[in-house]
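Just below is one structure, and these are the notes that go with it.
Read-outs throughout are calculated quantities, based only on the coordinates presented, and are distinct from any laboratory measurement. These numbers come from a predicted model, not from an experiment. Cβ placement follows ideal geometry from the backbone for every residue including glycine, while neighbour counts extend to all protein chains displayed.
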Amino acid sequence: MALNNFTQRTLSGALYVAVVVASILVHPVAFGIVFLLVSMLAVREFHQLMQSPSRLTALAMVAAAWLFAALWMPVYEPCTEIAAPLTITLLFVYMLMLGGGLLAELWGKAENPIQNWGHLLQSQFMIALPFALMNALYFIDKYLLLAVFVLIWVNDSGAYCVGVLTAKRKNGNHKMFPRVSPKKSWEGLFGGILLAMGIGALLAYFGWFDQLTDPYRHLNPYWIGVLFALFVAVFGTLGDLVESLMKRTIGVKDSGRFLPGHGGVLDRFDSILLAVPATMAFTILILFFCL
């Protein structure tokens with residue numbers, strides 16, 4: 001049975017990586033379809049965990065898809081000429097959706113309408129917005145977005161390996177937040193960060209950050225790669241911890257059963273919830289302020 005579980009986990013994990021990489025590299029439409037669906041599923045999982053009414057869950061899913069589509073328009077070349085007015089229009093409709101969802105509680109019969117308001121806004125700000133911001137990184141350079149995922153996977157692997165090795169010491173290792181995530185240690189954190197920074201420099205060697213460094217020849221691409229990796233590793237870990245805290249508070253082990261052996265959509269994409277906004281902010285600093 002253990003072997004079957006390991007095989008199942010390995011195969012589903014490989015499929016997950018293949019779909020993410022292929023959707024980013026193959027075509028903007030493939031990227032848009034895959035991550036629009038993932039965004040909707042992640043929002044749905046969140047509202048199911050919060051036991052939201054079905055009408056609120058449906059509204060949140062549609063709103064998440066609408067927000068993603070609004071920011072995807074500039075990514076797809078045939079839409080480039082009309083992207084600006086179309087995106088603004090879609091964002092205006094998105095705001096009307098959220099406003100309508102909040103006002104709907106006036107006619108609802110929920111015992112705690114404030115809770116429904118909070119869950120709707122939380123799902124949009126914490127989940128739908130980071131997924132939508134992936135379009136901005138993709139628009140600048142799809143390899144920037146791919147780098148986020150690669151560095152998250154490297155950071156997780158490095159943190160796990162270092163954490164396991166240091167746990168075998170006589171006094172064990174130093175736990176970060178045992179109440180939230182008992183297995184995460186400070187040794188694992190720094191091990192994952194260092195490995196991610198090394199891979200960040202390697203990605204810079206292969207030109208993954210050229211879009212950030214080409215306009216400013218005085219910027220060292222290797223330092224950009226290292227700093228980019230640092231942002232991904234730190235904020236990716238924080239995103240993981242935030243989702244773990246949410247699950248601990250609710251009293252569940254996994255957010256869902258999206259991938260056999262890996263849990264739900266939120267379990268697989270929790271790191272990007274903070275890593276994408278953080279790396280987007282870093283990218284803006286580079287492009288517009290040149291650090």
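Label-point separation (nm) for Leu194 and Leu245, each offset 7 Å from Cα along Cα-to-Cβ?
Distance between label points: 2.8 nm.
Can you pull out the chymotrypsin sites (Phe, Trp or Tyr not before Pro) in the range 29-108 that DSSP calls coil and that have at most 12 other Cβ atoms within 10 Å?
Details: sites: Phe31, Phe35, Phe46, Trp66, Phe68, Trp72, Tyr76, Phe92, Tyr94, Trp107; in loops: Tyr76, Trp107.
Within the range 29-108, the qualifying chymotrypsin sites (Phe, Trp or Tyr not before Pro) (loop, at most 12 other Cβ atoms within 10 Å) are Trp107.
Using the Karplus curve 6.51 cos²θ - 1.76 cosθ + 1.60 with θ = phi - 60°, what ³J(HN,Hα) values do you get for each residue of the range 38-51, in whole Hz, with x for Gly and Pro?
For the range 38-51, the Karplus-derived couplings read 4, 4, 5, 5, 5, 5, 4, 4, 4, 5, 5, 5, 7, 6 Hz, x marking Gly and Pro.
In which sequence would His27, His47, His119 go, from the one with the fewest C-beta neighbours within 10 Å to the one with the most? Before the final figure, lay out the partial values.
Values: His27 12, His47 23, His119 20.
Exposure proxy ranking, most exposed first: His27, His119, His47.
Taking a 26 Å limit on the Cα-Cα distance, which of the listed pairs Lys142/Lys247; Lys183/Lys247; Lys175/Lys253; Lys170/Lys253 fall beyond it? Please report the intermediate quantities before stating the final value.
Working: Lys142/Lys247 32 Å; Lys183/Lys247 15 Å; Lys175/Lys253 19 Å; Lys170/Lys253 29 Å.
Too far apart for the 26 Å limit: Lys142/Lys247; Lys170/Lys253.
Please turn the phi angles of the range 205-212 into ³J(HN,Hα) values with the Karplus equation 6.51 cos²θ - 1.76 cosθ + 1.60 (θ = phi - 60°), one per residue in order, whole Hz, x for glycine and proline.
4, 8, x, 5, 10, 4, 5, 8
With the crude spin-label approximation of a point 7 Å out along Cα→Cβ, what separation in nm comes out for Leu11 versus Ile82?
About 4.5 nm separates the two model spin labels.
Return the sequence-ordered ³J(HN,Hα) values of the range 224-230 in whole Hz as given by the Karplus equation 6.51 cos²θ - 1.76 cosθ + 1.60 applied to θ = phi - 60°, using x for Gly and Pro.
For the range 224-230, the Karplus curve yields 4, x, 5, 5, 4, 5, 4 Hz.
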